[in-house]
Amino acid sequence: QVLDEFSRQVSKMDWPSGSPATISYSALDGYLSKYQNPRDADPMTRVQAELDETKIILHNTMESLLERGEKLDDLVSKSEVLGAQSKAFYKTARKQNSCCEIM
């Protein structure tokens, strides 16, 4: 692309005897700055980089979901233990209260 544009702007007669001082091609600086970052210059590179970022975000999200699932499982098991303990406490309290009558 740069060569095509250069050949349109600069005469072929000037190529063999020309130097950077005698041939003015100002678009080269723009191309050099544009292609310093391949992500901006190449659409495929940009898409691949965006896919990589999305994949990282997806992995982090899945890890946090798994951690939440483990925490929920812990809460369920603790609530089951607490439920069993409260039933045992209730039965013990009824036995203790059954021997005494309140007047």
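The values are calculated or read from the model by the stated rules, or taken from the named source; none is laboratory data. Because the structure is predicted, anything quoted here is derived from the model rather than measured. Because the Cβ atoms are built from the backbone with ideal geometry, glycine has one as well, and the counts that use them run over all protein chains shown. Accessible surface is based on the protein model in full, side chains and every heavy atom, while ligands, DNA and RNA are left aside. Shrake-Rupley method; radii C 1.70, N 1.55, O 1.52, S 1.80 Å.
Observations on the structure shown:
- For Kirkwood radius over Cα pairs in Å, calculated from these coordinates, the label among (i) 13.8; (ii) 21.7; (iii) 16.1: (ii)
- Helical content alone sets the calculated 222 nm signal of the chain at -25000 deg cm²/dmol, taking -39,500 (n - 2.57) per DSSP H segment of four or more residues and averaging over every residue.
- Sulfur and carbon atoms: percent of accessible area, the stretch 39-103 [1.4 Å]: 61 percent
- Rg followed by Dmax, in Å, when the stretch 1-41 is reduced to its Cα trace: 11.9, 36
- Of the residues ILE56, LEU72, GLN1, the one whose Cα sits farthest towards the positive end of the charge dipole of the chain is LEU72 (charges of +1 on Lys and Arg Cβ, -1 on Asp and Glu Cβ, taken about the Cα centre).
- Charge dipole (debye, nearest 20) of the chain; +1 at Cβ of Lys and Arg, -1 at Cβ of Asp and Glu: 740 debye
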